[in-house]
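Here is the structure we will look at.
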Amino acid sequence: MGNTKSSALSKELLEELKSNTKYSEAELCTWYQSFLKECPSGKITKEQFEGIYASFFPGADPSAYARHVFRSFDTNADGTLDFKEYIVALHLTSGGKTLQKLEWAFALYDVDGNGTISKNEIQEIVRSIFNMIPADDQKNLPDDENTPEKRAEKIWAFFGKKENDKISEGEFIQGVMDNKDILRLIQYDEPQKIKDKLKEKKH
Ligand SMILES: [Ca+2]
Ligand SMILES: [Ca+2]
């Protein structure tokens, strides 16, 4: 820290990020500078990440969802998000390709990271999403998806699974691609707003 090396992106990382995202070299370099300004250590901790979510959902409890999102972005599982993981996250949630987004969604739902999704894992993520929906909006949800249990049940039934079955990554991606209704049920739309706000902050 503090030396000139830490304030510049390495060539390797720059090339890697350029080829894996839609961002230009200039954008990446600018973001790296603001990233270091906000996180001088070069890493975002889970607490900081939860704090960002909390600030965008003053009337709700996004902490569980934020923890799951954090886990899904922390690809090397070291408990922090470095610049690379942060940029991949930004790319995925703002403009990534559908397939990449669905791979990420699978990782989000695969809570224990064992490569399949169980019904419990669906329930857990859906519950964390519900914590972010204001009570007033929950009242307007359709009757068969207005509780975490019902919504999880609906998703599970769509995949045609029995209670103790598992959903593989391939099944998950294909299923969601084939059915826009399931896509709507597995996601929470609000994070796009968060991304927009984060982007505003950068300019
Ligand atoms: Ca990490
Ligand atoms: Ca799993």
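Within the stretch 20-50, the set of residues being assigned to a loop (DSSP other than H, G, I, E, B), surrounded by fewer than 17 Cβ atoms within 10 Å (Cβ to Cβ) and of a type in the set (A, V, I, L, M, F, W, C) is empty. When the residues of the stretch 51-72 are narrowed to those that are within 16 Å of ligand 1 (Cβ to nearest atom) and closer than 18 Å to residue 133 by Cβ, which ends up surrounded by the fewest Cβ atoms within 10 Å (Cβ to Cβ)? By that ranking, first place goes to 67.
Scanning the stretch 93-117 for residues that are surrounded by fewer than 20 Cβ atoms within 10 Å (Cβ to Cβ) and farther than 18 Å from residue 128 by Cα returns 94, 95, 96, 97, 98, 99, 100, 101, 103, 114, 115, 116. Based on this model, can you work out whether residue 179 counts as closer than 21 Å to residue 116 by Cα, surrounded by fewer than 17 Cβ atoms within 10 Å (Cβ to Cβ) and polar (S, T, N, Q)? It is true that residue 179 is closer than 21 Å to residue 116 by Cα, surrounded by fewer than 17 Cβ atoms within 10 Å (Cβ to Cβ) and polar (S, T, N, Q). Evaluate the following for residue 75: is it touching a residue at least 12 places away in the same chain (Cβ under 8 Å), surrounded by fewer than 19 Cβ atoms within 10 Å (Cβ to Cβ) and either of a type in the set (Lys, Arg) or in a helix (DSSP H, G or I) (or both)? Answer is no for this residue. The helices (runs of 4 or more DSSP H) found entirely in the stretch 78-163 that carry 2 or more residues being under 16 Å from the mean Cα position of the chain (by Cα) and more than 16 Å from ligand 1 (Cβ to nearest atom) are 83-94, 98-109, 119-130. If you go through the stretch 1-18 and keep only what is surrounded by fewer than 12 Cβ atoms within 10 Å (Cβ to Cβ) and modelled with pLDDT of 90 or more, you end up with 10, 11, 12. In the stretch 137-154, of all residues being among the charged types (D, E, K, R) and over 18 Å from residue 183 (Cβ atoms), the one that is modelled with the lowest pLDDT corresponds to 137.
Against the list (1) away from ligand 1 (no atom under 16 Å from the Cβ); (2) closer than 22 Å to residue 173 by Cα; (3) touching an Asp or Glu at 6+ places or on another chain (Cβ under 7 Å), the condition residue 75 fails is (1).
Summed over the stretch 42-61, the residues that are aliphatic (A, V, I, L, M) and in contact (Cβ under 8 Å) with a residue 60 or more places away in the chain give a count of 2.
The values are calculated or read from the model by the stated rules, or taken from the named source; none is laboratory data. Since the structure is predicted, the reported quantities are computational estimates derived from the model, not experimental observations. Cβ sites come from the backbone with ideal geometry, for glycine too, and all protein chains shown count toward neighbours.
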